[in-house]
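The values are calculated or read from the model by the stated rules, or taken from the named source; none is laboratory data. What you see is a predicted model, and the numbers here were worked out from it, not measured in a lab. As a convention, Cβ positions derive from the backbone with ideal geometry for all residues, glycine included, and neighbour counts pool all protein chains shown. Ligands, DNA and RNA are stripped out before the accessible areas are found, and what is left, the full protein with its side chains, is counted by its heavy atoms. Shrake-Rupley method; radii C 1.70, N 1.55, O 1.52, S 1.80 Å.
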Amino acid sequence: TIRNTTGTTVGTNVTNTGFVLMAQSANIVFEADGTTTDIATLPANSQIFQITLDITTAFDAGTTNTIDFGDGTTADQYADALAAGAQARVLATSDVSQIGNLIDIGTSDITVTATYNQSGSAATAGAATATVLYLQNRNLS
């Protein structure tokens, strides 16, 4: 059968609808360890498709330079410890515990935040653009 329809004939009685992939972006700059930046505000029941981090200036703390993506309450709700110590495009990967958080964000709007993590000597440089790609009101829970 064809999802979300009762018909079986394409062009006649089959629903021809889908979802638009949407995006929101924000810039992240080096600051103190644990500094957060609001990246996107997503409507309830959205599905996060991808989080991308474009590092334009490498973050240069002495030992650790990573960025987590979360919901303002749990720093790594969606992605944990993306490497930010070199210029690159980094695609967020999620572990098994985070997959359900991406499929449906829940019944309330959320703000996706990025948290910069550093250790060793303090960073003196670092800049990136984070982008959240999502399907609005997908409601897959």
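Hey, could you check region 41-55 for residues that are part of a strand (DSSP E or B) and open to solvent by less than 30 Å² (accessible area, probe 1.4 Å) and say which is farthest from ASN137 (Cα to Cα)? Only one residue tops the list, namely ILE55.
Annotation: of all residues in region 79-102 being among the hydrophobic types (A, V, I, L, M, F, W, C), closer than 16 Å to THR115 by Cα and surrounded by 18 or more Cβ atoms within 10 Å (Cβ to Cβ), the one that is farthest from the chain's Cα centre (by Cα) is ALA84.
The sole residue among ASP38, ASP76, ASP33 that is open to solvent by 40 Å² or more (accessible area, probe 1.4 Å), within 26 Å of SER141 (Cβ to Cβ) and touching a residue at least 40 places away in the same chain (Cβ under 8 Å) is ASP38. Could you tell me whether any residue of region 29-38 is among the acidic types (Asp, Glu), part of a loop (DSSP other than H, G, I, E, B) and out of contact with any Pro (no Cβ under 6 Å at 6 or more places or on another chain)? Scanning region 29-38 turns up at least one residue that is among the acidic types (Asp, Glu), part of a loop (DSSP other than H, G, I, E, B) and out of contact with any Pro (no Cβ under 6 Å at 6 or more places or on another chain). Here LEU140 meets each of (1) over 21 Å from ASP33 (Cβ atoms); (2) open to solvent by 40 Å² or more (accessible area, probe 1.4 Å); (3) under 13 Å from the mean Cα position of the chain (by Cα) with one exception, condition (3).
Keeping to region 103-134, report how many residues are of a type outside the set (Ser, Thr, Tyr) and surrounded by fewer than 21 Cβ atoms within 10 Å (Cβ to Cβ). So the answer is 10. Name the residues in region 13-24 that are open to solvent by less than 70 Å² (accessible area, probe 1.4 Å) and at pLDDT 90 or above, would you? MET22, ALA23, GLN24 - these are the residues of region 13-24 that are open to solvent by less than 70 Å² (accessible area, probe 1.4 Å) and at pLDDT 90 or above.
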